[in-house]
Amino acid sequence: MRFVTLLAVFLVAGNCLGAPERNSIIYLRPTDAINLNPWQADDFYSNEIADNIFEGLVRFKKNSTSVEPCLATSWSVKENGKCWHFVLRRGVKFHDNSPFNAQAVLYSFQSRLEKQQTAYQRLSFLFSFITDIRSSDPYSVEITLDRPYAPFLIALADSAAFIQSPPAAGKSSPYHPVGTGPFRFSSWSKGRSLILTRNPDYWAGRVSLEKIIFKVMPDSLGRLLQIKNGSADMALIQSGKEYEELSRRNEIAILRNPSITTHYLAFNTKKKPFDRKEIRAAFLHIIDKEKMIKQIFQNLAVPAYGPLPQPLFPDAKTTLPNAFNLEAARALLKTAGMENGFTCSLYFAAGQEGIQEIADRLAVFAKKIKINIKKIKLPFAELIKISERGEHDLLIMGWSTGPDPDFFLYPLFTFSAGNSNRFFYENPELTRLLDLGKTTLDVQKRNQIYLEALVILKKDVPWIPLFHLIDTMACSKKINGLGFTPLGHVLFRDVTKESKQ
């Protein structure tokens with residue numbers, strides 16, 4: 001009876017909202033944005049907003065990891081990759097009607113360089129390479145690097161390299177996002193909704209949608225009901241149950257986009273007994289990835305048999321190893337002198353779909369080889385602090401960044417400034433290869449470098465990749481033209497919405 005009452009409340013609440021306006025979209029998201037400044041924001045939901053307001057010199061092609069021109073129409077490279085000359089697009093205006101030109105580009109980069117990256121850690125590896133940026137005329141910019149940097153264009157497509165309106169960015173708080181993109185910032189009721197409206201002067205032509213309402217709805221049942229009754233247009237599917245129910249409805253389309261996120265089990269290699277490779281390798285044999293990921297995520301994720309997602313590095317051909325073998329795990333523990341087992345802690349974030357179930361299964365199978373796992377679930381922000389201090393033995397976490405092996409591996413497995421090395425692991429040969437990968441411009445040679453790096457990671461076992469998510473969206477079939485960035489952010493610039501019949 002209680003469930004029926006709750007169901008009725010949600011249905012009434014959904015219907016009270018009314019159907020979305022004819023040329024607007026209501027997009028349900030479980031979490032609100034945090035920071036609308038793309039130079040500083042490092043969370044998914046903030047950057048998804050930024051991708052529809054701001055633009056950079058280049059951008060990712062829709063549904064691709066390839067780069068195409070955006071605010072720069074062309075570029076040329078000289079001095080063996082150290083000098084980049086960009087020709088800027090003419091006739092572009094920011095949302096505040098100020099002109100886009102070389103001065104705006106100079107401001108956007110120089111203001112961050114002057115702050116020495118203290119506020120902009122996410123692309124410190126990009127900006128630390130820049131030694132000079134100058135302009136000889138209003139529609140060209142030259143950027144000089146201190147060394148060749150292979151993924152420079154990909155880095156420039158990241159939201160941390162978006163170009164902002166100098167007059168707007170220079171204003172005091174509250175921060176007001178002003179870019180050149182297809183949509184303008186309209187309003188933000190924190191914790192409830194954020195609204196973007198069409199930019200009527202968009203340089204690439206008329207945008208069809210008039211309004212996007214990013215509505216915050218943490219409750220999965222509420223999201224499900226509003227999609228079903230037509231009170232909202234689209235929402236991410238976050239469970240197999242949601243997928244099963246929505247995929248059967250004729251009026252709803254299911255969009256799937258391979259993610260470049262890897263969720264993993266991390267070992268703190270500075271703490272005993274995980275300073276021993278044999279102990280870490282034993283965990284390889286107590287995880288049946290294929291069965292576990294299928295049962296927990298159904299078709300919303302795929303097992304991760306290598307560190308790099310396939311869209312990011314197709315050269316990494318992965319075989320499907322038959323790793324689940326409790327006897328092999330026991331043999332490795334015996335080799336390390338730990339056949340009688342031990343107790344350790346496993347930290348993971350609260351509220352992330354499927355992670356609790358993975359932790360539970362890991363604890364069950366670890367016990368079969370006499371390893372007692374103490375599970376500790378924390379809010380994500382607290383989990384980050386614990387992992388940075390190295391208080392964990394084991395850690396389940398996800399990692400997603402720009403679509404290049406350098407961005408993916410270098411912050412995780414080196415001790416460079418601003419790194420995220422939660423394994424406290426370092427291999428001098430791996431570091432040498434990752435440094436070399438940054439500056440090698442020949443594609444084939446660069447791919448070979450990363451293949452060698454992956455061999456080292458497989459041998460040393462500082463982590464076990466668990467799964468790659470598949471971004472799955474439920475949306476009304478009236479909506480056409482949705483696109484995704486490599487990070488899974490939804491792009492609305494080409495979207496149209498059919499009117500009612």
| note | segment 462-501: relative contact order from alpha carbon pairs under 8 Å, six or more residues apart, as a whole percent, is 33
| Under unit Cβ charges (Lys, Arg +1; Asp, Glu -1), what dipole magnitude, rounded to 20 debye, does segment 261-470 have relative to its Cα centre? | 640
| said: For segment 212-296, place one equal point scatterer on every Cα, skip the solvent, and apply the Debye formula. What is log10 of I(q)/I(0) at q = 0.10, 0.19, 0.24 Å⁻¹? | reply: -0.47, -0.94, -1.26
| note | A correct fewest-to-most ranking of Arg248, Arg147 by other Cβ atoms within 10 Å would be Arg248, Arg147
| message | Loop-only chymotrypsin sites (Phe, Trp or Tyr not before Pro) in segment 391-436, please: DSSP not H, G, I, E or B, and at most 11 other Cβ atoms within 10 Å. | response | Phe415
| task | Between the alpha-carbon centers of segment 420-443 and segment 181-220, tell me the distance in whole angstrom. | result | 40
| Going down the table (Lys334/Lys374; Lys374/Lys438; Lys82/Lys445), which pairs top 30 Å between alpha carbons? | Lys374/Lys438
| note | Cβ density ranking, 10 Å radius, fewest first, applied to Glu278, Glu339, Glu242 yields Glu339, Glu278, Glu242
| remark: Projected onto the charge dipole of the chain (unit charges on the beta-carbon of Lys, Arg, Asp and Glu, signs +1, +1, -1, -1), the Cα from Leu106, Leu71, Gly341 with the largest positive-side position is that of Gly341
| request: Mind putting a number on the dipole of the chain about its Cα centre? Charges go on the C-beta only, +1 for Lys and Arg and -1 for Asp and Glu, and I need it in Debye to the nearest 20. | output: 900
| query | When you count, for each residue, the other Cβ atoms within 10 Å and take the mean per peptide, how do 64-76, 446-458 rank with the highest first? | reply | 446-458, 64-76
| task | Project the alpha carbons of segment 428-501 onto their principal axes and report the range along each, largest first, in whole Å. | result | 64, 30, 15
| Spread of Cα-to-Cα distances over 10 Å intervals beginning at zero, given as percent, for segment 55-169 | 14, 49, 34, 4
| Helical contribution to [θ] at 222 nm, DSSP H n ≥ 4, -39,500 (n - 2.57), averaged over the chain, rounded to 500 | -9000 deg cm²/dmol
| For segment 55-169, what is the relative contact order in percent, using Cα pairs closer than 8 Å and at least 6 residues apart in sequence? | 34
| said: Using only the Cα atoms of segment 444-484, what are the Rg and Dmax in Å? | reply: 18.5, 50
| task | May I ask which of Lys385/Lys458; Lys61/Lys93; Lys78/Lys458 have a Cα-Cα span longer than 29 Å here? | result | Lys78/Lys458
| request: May I ask you to order 463-474, 342-353 by the average number of other C-beta atoms within 10 Å around their residues, highest value first? | output: 463-474, 342-353
| Setting aside same-chain residues fewer than 8 positions from Lys478, which aspartates and glutamates have a Cα under 14 Å from its Cα? | Glu21, Asp233, Glu251, Asp494, Glu498
| query | What Kirkwood hydrodynamic radius, in Å, does segment 261-470 give when the mean of 1/r is taken over all pairs of distinct Cα atoms and then inverted? | reply | 17.6
| Debye intensity ratio I(q)/I(0), log10, segment 349-501, q values 0.12, 0.15 Å⁻¹ (C-alpha model) | -0.73, -1.00
| Structure-derived Rg and Dmax of the Cα atoms in Å - corresponding label in (i) 23.2, 82; (ii) 24.0, 73; (iii) 27.0, 100 | (ii)
| remark: Scoring segment 261-470 by relative contact order with C-alpha pairs under 8 Å, at least six apart, yields a percentage of 35
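Readers should treat all values here as calculations from the given coordinates under stated rules, not as data from a laboratory. If you're wondering where the values come from, they're calculated on a predicted model, not measured in any experiment. Reconstructed Cβ throughout: ideal geometry from the backbone, glycine too, with neighbour counts over all protein chains shown.
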